[in-house]
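The values are calculated or read from the model by the stated rules, or taken from the named source; none is laboratory data. Because the structure is a prediction, the values reported are computed rather than measured. Cβ coordinates were reconstructed from backbone atoms using ideal geometry, including for glycine residues, and neighbour counts include every protein chain displayed. In case anyone asks, the SASA skips ligands and DNA or RNA and just uses the protein heavy atoms, side chains included. Shrake-Rupley method; radii C 1.70, N 1.55, O 1.52, S 1.80 Å.
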Amino acid sequence: MTARLPVFPLATVLFPGLVLPLHIFEERYRALVRHLVDLPEGASREFGVVAIQAGWEVAPAGPGARATPGVGDVTLHEVGCTAELRQVTELADGGFDIVTVGRRRFRIADVDESSEPYLTAEVEWLPEATGSDEVADLLAARVIAVFRQYLGLIRSDPEEISEQLPEDPTVLSHLVAATAALTVDDRQRLLAIDDTAARLRAELRLLNREAALLRQVRAVPVPLSELASPPTPN
């Protein structure tokens, strides 16, 4: 099943269930927000968020100038996630502050750069896990344990470490992918994995890698200030 979606290229990866606030200042994306707001009551107010793979998606200057995303200026990743518009605040300068929530993953099948002021794409919906999966349940318990250890290395507030984590394996996999300090490429690879168990396995490897790096950084034998000058002779 395919659908036509407005697409918003960003230097980040959105996951289902995660909140994404945005400040809309470019006119073409103001037009996108106005389009979504003007949809009939009950209509789906979604647009696609796709991470930029290469380049920079910036509107050209000058009256009547049009951007051409995907043609020399920017290359998009193939897999993205829809953002559902939840809150809109119109600003005095005509821009918007919006709050969105990630909903469903998709793969770009075809890109249209000319029919609207903003990019649109024909997308294919990607499957999401449903029902019970014993392997995913077991992996989720391991990911929770390793993730708490990881949080203990990057956070100083015990209350932040003890926060409740979701037990649903799919929800947990999206939360960990969005919360851990990973690169865009790492997050993109996790978003593109269809199977929850496979995503959790990948996250275990990434969390163990990041935790090992953090422990190495903290295992400095002498204070960094002492490394700035020669040691004092005994």
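Need one word for region 103-215: rounded, prolate or oblate. Basis is the Cα gyration tensor (sqrt eigenvalues a ≥ b ≥ c); a/c below 1.5 gives rounded, then a/b vs b/c decides.
In terms of gyration-tensor shape, prolate.
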Which parts of region 1-17 would a label at GLU122 reach, counting a residue when its backbone N lies under 20 Å from a point 7 Å out along Cα-to-Cβ?
1-8
So, in nm, how far is label LEU138 from label LEU165 when the simple model puts each one 7 Å beyond its Cα toward the Cβ?
1.8 nm
Using a probe radius of 1.4 Å on heavy atoms only, what accessible surface per residue do you get for region 105-149? Whole Å² is fine.
54 Å²
Contour minus end-to-end for LEU153 and SER115, with contour as 0.36 nm per residue of separation and end-to-end as the Cα-Cα distance?
8.8 nm
Within region 5-50, what whole-number % of the accessible surface is contributed by carbon and sulfur, with the 1.4 Å probe and all protein chains included in the calculation?
62 percent
Starting from the 7 Å offset along Cα-to-Cβ, what nm value, one decimal, do you get for the label separation of THR89 and VAL37?
1.4 nm
Taking a label point 7 Å from the Cα of ALA129 along the Cα→Cβ vector, which residues of region 167-185 have an amide N closer than 13 Å to it?
167-177
